[in-house]
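Here's the structure, in structure tokens; my notes come after.
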Amino acid sequence: MPLPLWPEEKQLALYEATGYRWGHEETRRFLLDWDHRYHVVICPRRSSKSYSAAQKALPIILGRESLPDGSGPLPTRVWIVGPTYELAEREFRYIWDILVRIGPRELGWPKPLLARDSKKGGELYILTAWGSEVVGKSADKPQSLLGEAVDLVILSEAAQHVADVWTRYLEPTLTTTRGYAIFPTTPDSSALWLHDLWVKGKTGESPFIRAYTRPVTGNPTYPLDELEAKRVFY
């Protein structure tokens, strides 16, 4: 069954508690949209793509809603797949910061049962106290992408992946869970498979896909004087 939708007010309260803020309305649309399962986010560098992807993952990591008998929250599995472990570590680092540092110290969340962040050793892993898993993976080892049911996949720097990573290995992992996928990336003209998803998300051709873009001002910490200086210089 698909993940239950988070009411907007509940999700916004979560972001307020963790101190997250965004700088562009397009980011808000992306964060609060649970009607679509696949989210293609193509933006320039420093526009907060990875951070917003990690924040959208947070409600899923916190687990499915409790069952009527009170036996929840039900644990979930989230994969962050990069072309390399180094690129997968971007979104993983933001999630780590929330689950390992902010949550336990400032919000009273239980500490993870297990947390490892060795990108050089190929081990990016968090096991929460309620059983949800966050796993960083590298697409250069496609055999590691087989055999699991996953609730959310983040394809870090999606335009650098080959089409098979998504169509052959990752999309099938979302079938039984009816899970979500996020494709945060900078533009790359060679990624025709991702462009096809983008077009479908923009035109509404597919009920599964939505496409987003925003300028660097989507990052609320981006120095506007730097942006203006570059406009004048270039």
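Quick notes on this one:
- Alpha-carbon radius of gyration plus Dmax, which is the widest Cα pair, for region 81-189 in Å: 14.3, 45
- Overall, the accessible surface of region 11-64 at a probe of 1.4 angstrom is composed of carbon and sulfur to the extent of 46 percent.
- GluC sites (Glu not before Pro) within region 94-148: DSSP coil, no more than 15 neighbouring Cβ in 10 Å: E148
- Per residue solvent-accessible surface (Å²) - region 52-210, probe of 1.4 Å: 46 Å²
The values are calculated or read from the model by the stated rules, or taken from the named source; none is laboratory data. All figures in this text were calculated on a predicted structure; none of them were measured in a lab. Every residue, glycine among them, receives a Cβ derived from its backbone with ideal geometry; neighbour counts consider all protein chains shown. SASA here: full protein model, heavy atoms, side chains in, ligands and nucleic acids out. Shrake-Rupley method; radii C 1.70, N 1.55, O 1.52, S 1.80 Å.
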